[in-house]
Amino acid sequence: MAEWLIEDGIGERRAALADAGRIIEARIERDSDGLQASAVIEARRMPGTVAGAALMVADSGEELLCRPAPQVSEGAKALVCVTRTALPERGLTKRALARPAQEGEAACPAPTLAEAIVQTGHPVRPLRSIDSDALEAAGWSEMLDSAASGLVPFAGGLLRIDLTAAMTVIDVDGDLPPAALATAGCTAAAAALRLFDITGSIVIDLPGLGGKAERIAAAEAFDAAMTGPFERTAVNGWGLMQIIRPRTAMSLIERQRFSPVESAALAALRRAERAQGSGPLMLRLHPAVAAWLIERPALTETLGRRTGRPPVLIPEAEMKMGACDVG
């Protein structure tokens, strides 16, 4: 039976739905996350609009766009419900989105990661750092590496997942005959969407198919493997299929791709927390990762309390971004 493994890490909370010892769905919640979907907050209306939406600012200082505009004057506060978090892109960040609160809605925080996964109905197993590393045994680090690279192998082929400003693009490549590759690729793509929590507009680029029956078979394979609400087009004559999934937060791929230093630093803390030994905890890191941690001493202080060993950060230019040598 599938169960959620949830871990209260340093700087982030991690959850993985594991089935038969393999992660099929993963989620992360970070201390640095801003406004989250379902939070009902007070926000002040600012002058002007953006694409027809009112520009608002929360008490935290984070800006958001509210559509339709709340019926308050500029400078006044209104109660709004966040519908989507801020999203990172190359060179910019899209503001969070909100709508005016409905009658009867009161200010409340968004559900925590732990609260959200309880609502899925699967059993939940909290993990401790002193336990055997069930997350790692299920493939946590490999999953993050795959999210960072966008490369997802499957039997007979490979998915290449790339992010654009408009959509997520999944290219299906491999050595199988085209019809078999398209079917296997659609099954693998559906699993990847679930694993990395990829939502919004998605396009799957399949190999060229000879006829309508093959295109239908590929689309039906996707439907059979896909979970959660979605809409899709048929596979067209160029082998393209578009999928729309409700968009409320960033995917794991976006976290890894657009916050590589933070991701590497938090992964290093996770590894260091499980290191054996005594005396000072030596962490050899890429200079950018070490600098990021130095600017946030509360994280290494927590590491010291949890391990009983004072951390020492050692920047080393030859270390790769995601590497960490702990001793």
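The values are calculated or read from the model by the stated rules, or taken from the named source; none is laboratory data. Here the structure is a predicted model, which is why all the values come from computation and not from measurement. Note: ideal-geometry Cβ built from the backbone for every residue, glycine included; neighbour counts use all protein chains shown.
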Exercise for the section: Could you grab the pairs with beta carbons closer than 9 Å, sequence gap of 6+ or different chains, first residue in the range 71-86 and at positive phi, second one surrounded by fewer than 20 Cβ atoms within 10 Å (Cβ to Cβ) and in a strand (DSSP E or B)? Expected result: Gly75/Arg44; Gly75/Met46; Gly75/Pro47
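Suppose we keep only residues that are surrounded by fewer than 19 Cβ atoms within 10 Å (Cβ to Cβ) and aliphatic (A, V, I, L, M) within the range 230-248. Which one would you say is nearest to Ala217 (Cα to Cα)?
The extreme case among them is Ala234.
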Practice task
Return yes when Arg90 is within 22 Å of Ala16 (Cα to Cα) and among the basic types (Lys, Arg) and no when it is not.
Solution key: no
Practice task
Give me the pairs, please: first residue somewhere in the range 173-192 and under 19 Å from Met143 (Cα atoms), second residue anywhere and not hydrophobic (A, V, I, L, M, F, W, C), beta-carbon distance under 6 Å, and either six or more positions apart or on two chains.
Solution key: Gly185/Gly157
Exercise for the section: Consider Arg215 carefully, then state whether it is under 26 Å from the mean Cα position of the chain (by Cα) and either on the phi > 0 side of the Ramachandran plot or not small (Gly, Ala, Ser) (or both). Expected result: no
Practice task
State which residue pairs qualify: first residue surrounded by 14 or more Cβ atoms within 10 Å (Cβ to Cβ) and inside the range 292-310, second residue among the polar types (S, T, N, Q) and in a helix (DSSP H, G or I) in any location, beta carbons under 7 Å apart, and separation of 6 or more residues or different chains.
Solution key: Leu293/Thr300
Handout entry: Conditions (1) in the same structural domain as Thr164 (by TED's automatic domain parsing); (2) of a type outside the set (Lys, Arg); (3) at pLDDT below 95; (4) in contact with a Leu (Cβ under 9 Å, 6 or more places away or on another chain); number of the one not met by Asn236
Key = (4)
Practice task
Taking only the range 191-201 into account, find how many residues are surrounded by fewer than 21 Cβ atoms within 10 Å (Cβ to Cβ) and either in contact with a helix residue (DSSP H, G or I) (Cβ under 8 Å, 6 or more places away or on another chain) or at pLDDT below 95 (or both).
Solution key: 1
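Mind listing just one residue for me: the one in the range 164-182 that is surrounded by 19 or more Cβ atoms within 10 Å (Cβ to Cβ) and within 30 Å of Gly91 (Cβ to Cβ) and, of those, farthest from the chain's Cα centre (by Cα)?
The qualifying residue farthest from the chain's Cα centre (by Cα) is Val172.
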Exercise for the section: Report the residue count in the range 292-327 for those that are in contact with a Gly (Cβ under 6 Å, 6 or more places away or on another chain) and not aliphatic (A, V, I, L, M). Expected result: 2
Practice task
Report yes if Thr248 is in the same structural domain as Ala165 (by TED's automatic domain parsing) and closer than 21 Å to Asp197 by Cβ, otherwise no.
Solution key: yes
Exercise for the section: Among the residues of the range 172-219, write down those that are over 30 Å from Thr120 (Cα atoms) and charged (D, E, K, R). Expected result: Asp173, Asp175, Asp205, Lys212, Glu214, Arg215
